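Step one of this worksheet: look at the structure below.
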Amino acid sequence: MRCPYCGSMDSQVKDSRPAEDGGAIRRRRICPDCSGRFTTFERVQLRELMVLKKSGRRVLFDRDKLARSVETALRKRPVDPERVERLIAGIVRQLEQSGEAEIASDTIGERVMEALKGLDDVAYVRFASVYRNFHGARDFGQLIDEIARADKAHGDGQDPQG
């Protein structure tokens, strides 16, 4: 594994342990050339996934990009990091098990929105505002009204009067 500090190709594993409920292996590494320490993760990859962008371009699926998007939506929200990792791993697993080699970016966005809706309403609205390209307050209002109607239909609406 290449050292991220000096570029040396000769790093050594100092510690390995299971991570993500056994879905990955976390490895602590050290570079013998610069003594830099860093962590890597090893995960099972069922297949190479390609993402079909709206522009028609095809790019290799990037789990880290998905994680950054989810983490941006969840910034400063009181959500346990383990729940976030399970959400991301679940989306990736769904995509890999779909049987498709190419996944439309819209499909990924919808899966993220659905997962965030069940995790945190604020993160869901944040992600939706970017994903659906909101232009103003009316767009936010419509989405919040949808959430309120869904909560009421499921009996989750709370009466502020007690």
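The values are calculated or read from the model by the stated rules, or taken from the named source; none is laboratory data. In this text, all values refer to a predicted model and were calculated from it rather than measured experimentally. Cβ: placed from backbone, ideal geometry, glycine included. Neighbour counts: every protein chain shown.
Quick notes on this one:
- Output for the range 12-52, where each listed residue is of a type in the set (S, T, N, Q) and over 27 Å from Glu82 (Cβ atoms): Gln12, Ser35
- Failed item, numbered, when Arg75 is tested on (1) surrounded by 14 or more Cβ atoms within 10 Å (Cβ to Cβ); (2) closer than 30 Å to Asp120 by Cβ: (1)
- Subset of the range 1-29 that is touching a strand residue (DSSP E or B) at 6+ places or on another chain (Cβ under 9 Å) and among the hydroxyl-bearing types (Ser, Thr, Tyr) - its residue that is farthest from Arg93 (Cα to Cα): Tyr5
- Count of residues meeting criterion [under 17 Å from the mean Cα position of the chain (by Cα), of a type in the set (Lys, Arg) and exposed (fewer than 13 other Cβ atoms within 10 Å of the Cβ)] in the range 44-64: 0
- Single match in Ile103, Ile25, Ile108 (criterion: aliphatic (A, V, I, L, M) and within 25 Å of Ala150 (Cβ to Cβ)): Ile108
- Some residue of the range 151-160 being out of contact with any Lys or Arg (no Cβ under 8 Å at 6 or more places or on another chain) and modelled with pLDDT of 85 or more: no
- Subset of the range 1-46 [out of contact with any Ser or Thr (no Cβ under 8 Å at 6 or more places or on another chain) and among the aromatic types (Phe, Trp, Tyr)]: Tyr5, Phe41
- Residue in the range 53-61 that is modelled with pLDDT of 85 or more and within 22 Å of Ala24 (Cβ to Cβ) present: yes
- Residue within the range 89-100 that is of a type in the set (A, V, I, L, M), at pLDDT 90 or above and surrounded by fewer than 19 Cβ atoms within 10 Å (Cβ to Cβ) present: no
- Counting only helices (runs of 4 or more DSSP H) that sit completely within the range 41-147, those holding 2 or more residues that are over 30 Å from Arg2 (Cα atoms) and not assigned by TED's automatic domain parsing to the domain that holds Arg17 correspond to 81-97, 105-119, 121-131.
- Of all residues in the range 125-154, none that is more than 22 Å from Arg77 (Cα to Cα) has its Cβ atom under 7 Å from the Cβ atom of a residue that is at pLDDT below 85 and in a helix (DSSP H, G or I), 6 or more apart or on another chain.
- First in the range 1-18 and among the small types (Gly, Ala, Ser), second anywhere and at pLDDT 90 or above and assigned to a strand (DSSP E or B), Cβ under 6 Å, 6 or more apart: Ser11/Arg29; Ser16/Arg27
- Search result, residues across the range 18-31 that are in contact with a Lys or Arg (Cβ under 7 Å, 6 or more places away or on another chain) and modelled with pLDDT of 90 or more: Arg28, Arg29, Ile30
- The set of residues from the range 53-67 being out of contact with any strand residue (DSSP E or B) (no Cβ under 6 Å at 6 or more places or on another chain), closer than 26 Å to Val84 by Cβ and not basic (Lys, Arg) comprises Leu60, Asp62, Asp64, Leu66, Ala67.
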